[in-house]
Every structure is written in structure tokens, then in C-alpha cells.
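Following: one structure in C-alpha cells, then a few remarks.
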Amino acid sequence: MVTQALIEWNIDPTSLPQQKWLTDQQLNVDLYSSTVDPTEEGWNIQIRITESLPDSWNTYAEVQFLTDPDDPLEEGFTFLLWAGSYVADVTIVGETH
């Protein structure tokens, strides 16, 4: 399942590549130079940053869910992006396909 999302980062995402699928493990390595604890619960996702918004750390992205979320992913649904710590709010803004 892939959705369109607005990501409101708490950290500077400029070191992350655009138009490339990033796993949560890659986010940890890129942002924190650490590894993910594989026992942590949560969704397995990948993100692909598609556009950086001017004068902010916010980006648009595609979010691919590798495990089925329990909650409905309707437009406006928001969840936290966790990569070693709380790094962003992710809000669904587009259709799921």
C-alpha cells in the first residue's frame, strides 16, 4: 500500500536523498548513525521524499506500508515517524494506491 503524505520533520532532512525509497533502517543510519532495534513494535514502512517545501524542513513523500496498518489510512490521518527517536509527523494527504 502506498500513500501520499506531508512529512513535518523535527530534524533537518536535507541529508536524505529525494526520489529514493528509504527504509526505517536507512533513516536510522542516515540520521543517527545507529541501528534499529528489531524488537520494537510498529509499522514497517519505506518513504520516498518527492518534494521539499521552500523555507521549511517539510517535505512531500510517498509512504509505502510493508505491513498492514490497523488504523484506516484516510486523508488527514497522522502518525509519528520514529527512527531511533521521534523525527517527524506524517500526515496522509493523498489517495492510497
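Cβ-Cβ distances below 6 Å connect the following pairs, each with a first residue in region 85-97 that is more than 19 Å from Met1 (Cβ to Cβ), a second residue that is hydroxyl-bearing (Ser, Thr, Tyr) and at pLDDT below 90, and a separation of six or more residues or different chains: Asp89/Thr78. Restricting attention to region 3-20, the residues that are touching a residue at least 60 places away in the same chain (Cβ under 8 Å) and loosely packed, with under 15 Cβ neighbours inside 10 Å total 1.
The values are calculated or read from the model by the stated rules, or taken from the named source; none is laboratory data. This one's a predicted model, so the numbers in the text were calculated from it and none came from an experiment. Note that each Cβ is placed from the backbone with ideal geometry, even for glycine, and that neighbours are counted across all protein chains shown.
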